[in-house]
Amino acid sequence: MAASPGPPPLTWERLLTSWTFNPGALAVVAALGVAYWLGVRRLSRAGVAWPTGRPWWFLFGVTSILLVTVTFVGVYANTLFWDRAVRNIVLLMITPMFLALGAPLTLLREVLPAPATQVAGRILHNGAARILTFPAVVTIALIAPLFMLYLTPLYEATLRSAVVGASVDVGLVTAGFLYFWTRFRIDPTPRTDPYLLTVAISVAEVIFDGVLGLTLWLGPLIAPHYYLELHRAWGPDLRTDQIIGAGVLWIGGDLAGFPFLAAVVTRMMREDQRDAVAIDAELDTLEALDASLGPPETSPETSPAKTQPRLWWEDHPELAQRFRRPR
């Protein structure tokens with residue numbers, strides 16, 4: 001199948017005025033937006049408060065889909081390598097991050113009937129779900145898609161087939177959502193891994209972004225036959241175009257990681273504050289109970305170490321060293 005003639009030369013004016021009709025993307029965005037709006041509306045009618053920031057994050061997520069499918073990014077996605085790189089990095093790193101911050105799974109849990117919620121809860125906490133959300137697995141889910149896309153014939157297939165291209169777009173968003181869902185832990189997740197592990201995974205992601213960027217920068221041309229068939233007489237040559245795209249994937253992926261890390265650190269601090277409040281309250285209760293009972297009688301058989309109950313946080317790997325029972 002020969003490549004179709006490309007759009008006119010990309011100018012500064014066309015950055016703002018170029019649009020394309022993408023019925024698939026419009027249908028997906030409409031379905032996601034309407035479903036989320038109906039869920040929030042149902043909660044509001046039931047008198048259940050929903051954080052005001054979450055709908056905005058979700059709106060940013062669905063809007064980002066439109067920005068890379070119907071604007072100039074969508075118009076030139078099959079013509080310029082760097083333009084396609086922008087689209088791919090947004091769909092993998094930006095769109096799913098915003099969607100995850102909108103907590104759609106929590107919203108779905110709140111509006112589903114009780115039997116469906118129970119079934120979903122069992123699925124969420126079974127062994128297969130815990131394996132699929134293991135940190136190493138979700139790290140691969142974030143890193144592997146771009147390597148598979150650019151270092152195999154799949155990339156050229158996305159340029160020649162709208163169906164393949166749309167399937168890859170959905171796959172990128174799904175892989176990214178799996179990662180951000182399990183790392184943010186706003187929605188219920190099968191695992192509760194420490195946030196510091198998320199920071200370590202982010203460092204690994206930065207390293208692999210660099211590896212892919214260098215590979216595309218110094219390696220052979222990707223899909224050269226397709227791009228040569230376009231006979232594009234404007235813009236950067238194929239090598240320069242690919243170098244720019246490599247920079248987009250490398251630097252763009254790293255830049256997308258900054259707001260993610262900021263969100264993770266913010267959630268980690270808030271969670272620590274909640275844990276500290278809960279632990280302080282439990283310690284205060286224990287001290288008040290000890291004071292009301294008076295000095296304990298000590299003996300080898302009834303020492304405080306043997307009679308005082310263990311508290312829930314004493315077995316927590318992160319909290320046990322920071323908060324100790326008073327002696």
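In percent, what relative contact order does segment 75-181 have, based on Cα pairs under 8 Å that are 6 or more apart in sequence?
44
Pop out the ³J(HN,Hα) list for segment 33-42 in order, Karplus 6.51 cos²θ - 1.76 cosθ + 1.60 with θ = phi - 60°, rounded to Hz; leave Gly and Pro as x.
After applying 6.51 cos²θ - 1.76 cosθ + 1.60, I find x, 5, 4, 5, 4, 5, x, 5, 5, 5 Hz.
Go through 25-32, 40-47, 243-250 and give me the packing order, highest mean Cβ count within 10 Å leading. Kindly include the intermediate steps, with their values, before the conclusion.
Values: 25-32: 15.1, 40-47: 11.9, 243-250: 21.4.
Ranked from most to least packed, the peptides come out as 243-250, 25-32, 40-47.
Per residue, what volume in Å³ does the Cα convex hull of segment 1-67 take up?
115
Using θ = phi - 60° and the Karplus form 6.51 cos²θ - 1.76 cosθ + 1.60, what ³J(HN,Hα) does each residue of segment 64-72 get, whole Hz, x for Gly and Pro?
4, 5, 5, 4, 9, 10, 10, 8, 4
Which whole-Hz ³J(HN,Hα) couplings does segment 182-193 yield from phi under the Karplus relation 6.51 cos²θ - 1.76 cosθ + 1.60, θ = phi - 60°, glycine and proline marked x?
Listing the rounded values in order: 6, 7, 6, 6, 6, 7, x, 10, x, 10, 10, 6 Hz.
Which value, to two decimals, describes the C-alpha radius of gyration of segment 36-155 once divided by 2.2 N^0.38 Å?
1.32
Leaving out ligands and nucleic acids, note down the accessible area per residue over segment 1-140 with a 1.4 angstrom probe, in whole Å².
54
Explain nothing, just the number: dipole magnitude of segment 66-196 about its Cα centre with +1 on each Lys and Arg Cβ and -1 on each Asp and Glu Cβ, in debye rounded to the nearest 20.
Value, rounded to 20: 240 debye.
Out of all Cα-Cα pairs in segment 56-126, roughly what percent, to the nearest whole number, are more than 18 Å apart?
The share of Cα pairs beyond 18 Å in segment 56-126 comes to 53 percent.
The values are calculated or read from the model by the stated rules, or taken from the named source; none is laboratory data. Owing to the predicted nature of the structure, the values given are computational and were not obtained by experimental measurement. Backbone-built Cβ (ideal geometry, glycine too); neighbour counts: all protein chains shown. Please note that ligands, DNA and RNA were not included when accessible areas were found on the heavy atoms of the full protein model with its side chains. Shrake-Rupley method; radii C 1.70, N 1.55, O 1.52, S 1.80 Å.
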